[in-house]
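First the structure, in the form of structure tokens, and then the observations on it.
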């Protein structure tokens, strides 16, 4: 072998080895921190709650009607203990969030049953996971089985036997399964018996119990099925069944018993509590009808066959009967109607003037039928006059977002559309006192809301979309909502817009937007005109284009089944002309020339069933050829998560699904700064990966189990914005710590993370909703100031998870060991090195967050903290500050930029002038404080001497009871002298401030400290330099302070020496008294 060839081969082997080692290193799992140790980075709920969200189930405790449980369609279980004024979520840590049924035990008020999975089987319904039980009124829950039932519409606990419970399980919506039908437990949920079953297509959609005979049950078995492109209600499996032996056997009603002939669909059922012989059935059929039985359900007669007596049964099929009047029947549907003649005629009870339409739940107080609680697509309403008037509950944040966008306003706003509740713009935070309120949110579009875009050149205008492609251009200043839906290229072409169609803003041109039907539409004039820049990008399968025929027995053509459409559009910010498009039938199309040519690259997604929905495509902020794609196949009964990183414009696909993800995937987002940090939204929560998707962990800090439909990272503020379908919007402020963790191969023992800029701004007052807090929604506002984040890996510190901490064995120091510190100190110094603030905190293990309010150390004050705010302290002058974390002998340092209020236009000289004014104020306050403290110390010392003198007098009396000790006695005289001097001190003190121990009620503010407080109010009312008038208040206060201090000094000079001599003559001693305070 020639030497040159040998060297080449050896060099080649070396290069391959180096490449292999680099590849292995790149694929080695990076460190993923314990998710429980991220507790310092909590998501905050910003709402809204003013339009709330769909409520599927309601029950009120029969033992206490103030205890109400509400089951949100996609927002968990909420509990009120005061009749609906205030609500607490009680199901946030369970695996699923979709609720179909709630029942409080009629025997034991502590027992609550929940059936998960909504029974109103619309296209956007979420999934459940079985039955849960609480034994402590909702504080904790146990999973009780039936995990594959998917959706449970009714739970009925037996009124006499606490171990017997019945469940109506509907089964899978998008496919067949066997765990459906009526189930019964006789052992409190340990085991379940399927007591009524038809087939894998048919589930139990309704179940009612005779209140006078709990062994008598009626059930509706309903055959139903959804496909992504079609819905079918009804079939041979549907029927009405009755059992009189607690479910052991069932009798099916037929046409001979009065039911409509032919195939049946969904049936609503209700029994009159005051006369159980009266049974109502709202039957979906070819000719739907309302039936009534007067013989306990053995035979029925038709009482109402209006063509729309059951107008949309898959979504509304509930009936209720007044507990006192068997002829008063409530029909719960788009509106709530009431009949007083047994169903023959109806009048509207709840209309648009009362509550949100689309009603799903109605509880009637069995002891007081005037008391009703209603659940609808917009939340909860409560009535106390049989439905004549209603109070809407405004503090249930159940909004069901589909998308999220943001603007670059300061503070920024978030945007999104809600299921059946319009499209909205709301603040991520507010620069005012108090919480984020419902009134801060502004509707920009009506109908079912979906993607909502602000115009990048003017956030007061933008775009919002409703179902079937009804796109508008909104303007908050003019009030316009201009319809700009693209028109078809010709009369014969039908544009197919998805229920939730794709919409995108061009990143290079503020006036250009993209919109998807089966084609990609482009407008360069904000929607006034459109051009089609693609062929049909879908499969164009005619078998999947029959939405006009959808519904089954009852037509339901709403565009919810429009299919073979574009649902995701994302134009590249890095490379002009690159656009990615995802369709509901599995196409991932890419153009690199602005739409002239297209390539379907979805074939690279190995393991994904063909034609699987592509809800989101997000692009890398670093590489123009890299995208992050999720496929969602739950609409074909496949709940696996399909998650991919796509490279080289679709040439290479890398699966990021690894068995650690729960719930089908909805959105995948790469962090725009740190590439290995990924965020994944699934139907059951938020997941984070610190190693580019090799490992995933669920993020639960401040975030409940929820359907995470969309995610965004704010490009300027570095916040993670989370749009949930059922729990409204969340924000995780400043995710820089997550980035630092992702950059490292292990968590640090101690680290102060980089600190984002903090804006010093004037806080607007807004206290009304803060004071009246019980019945109004309070979104969590961003805390004012700088967010300081640090990590401590110190095992002796408490664990942030209270449950883990309770079980943990605390570390105890050895015999000769010093106790380990439980406090951390944060020092903040200005650019000149002057210490401006020290924050002492009690940290926990892991990630901690402390908020500095951008104020200097508060001036010394004799006053205790006030509910109206702390003591006076000066805001710092904007600039760069040095922050030092000190813990257990170690230090970590970072810098922090404090930015000025951008609205005020103040100069550096302005801030320096204001700082000098505050310094003068502080000098006066601290002089008063020192004078008061000196006086208090002297008085305490005099009390000590007087107590000694009194003790001596008492001992003398004890030794010689006959001794007559009068006022001339030296020690008695001393006690009297001290009392007289203290009176003079008190009079002098009252000129300094209002001593709490002698001040009754609201006293006149004539003392120096009260006058100084007036100056503080003026100084603190603005960040601007003080005016001459404001400064005069301080000058006047200084006069009073000086006079008060001098008056006190005169008391000391005139009276104290004589008293001191009297004390010393009796061999007592005062503590050394320093020089009196002066100003």
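Quick look at the numbers
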{"read-out": "Ascending count of other beta-carbon atoms within 10 Å, so fewest first, for 914, 194", "value": "194, 914"}
{"read-out": "Inter-part distance where the stretch 942-986 and the stretch 711-728 are each reduced to a Cα centre, Å", "value": "72"}
{"read-out": "Centroid-to-centroid separation of the stretch 347-382 and the stretch 895-923 [C-alpha atoms, Å]", "value": "55"}
{"read-out": "Mean residue ellipticity (222 nm) of the chain, computed from DSSP H runs ≥ 4 via -39,500 (n - 2.57), nearest 500", "value": "-5500 deg cm²/dmol"}
{"read-out": "Among [x] 112.3; [y] 128.6; [z] 62.1, the entry that matches mean projected area of the Cα convex hull in nm² as calculated here", "value": "[z]"}
{"read-out": "Highest average packing first - 713-726, 76-89, Cβ atoms within 10 Å", "value": "713-726, 76-89"}
{"read-out": "Residue order, fewest to most beta carbons within 10 Å, for 614, 953", "value": "953, 614"}
{"read-out": "Label point distance in nm, residue 1058-residue 795, each placed 7 Å from Cα along Cα→Cβ", "value": "7.1"}
{"read-out": "Full-stretch length increase - residue 841, residue 746 - with 0.36 nm per residue and alpha-carbon distance subtracted", "value": "31.7 nm"}
{"read-out": "Packing rank of 809-817, 97-105, 775-783, where each peptide gets the mean count of other beta carbons within 10 Å, highest leading", "value": "97-105, 775-783, 809-817"}
{"read-out": "Whole-Å distance, taken between Cα centres, linking the stretch 189-259 and the stretch 66-83", "value": "27"}
{"read-out": "Sorted peptide list for 315-328, 1049-1062, criterion being average Cβ within 10 angstrom, highest first", "value": "315-328, 1049-1062"}
{"read-out": "Crossing angle, helix 1008-1020 versus the chain [Cα axis fit, 0-90 degrees, rounded to tens]", "value": "40"}
{"read-out": "Nearest-ten-degree value, helix 970-992 long axis tilted from longest Cα axis of the chain", "value": "50"}
{"read-out": "In degrees, nearest ten, helix 1028-1065 long axis to first principal axis of the chain (Cα)", "value": "50"}
{"read-out": "Linear extension gain, residue 63 paired with residue 762, 0.36 nm per residue minus alpha-carbon span", "value": "246.6 nm"}
{"read-out": "Gyration tensor verdict on the stretch 908-1065 (Cα atoms; rounded if a/c is under 1.5, prolate if a/b is larger than b/c, oblate otherwise)", "value": "prolate"}
{"read-out": "Sorted by Cβ neighbour density within 10 Å, fewest at the top, the residues 958, 94", "value": "958, 94"}
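Bear in mind that the values in this text are calculations on the coordinates, not laboratory data. Computed from a predicted structure; not experimentally measured. Every residue, glycine among them, receives a Cβ derived from its backbone with ideal geometry; neighbour counts consider all protein chains shown.
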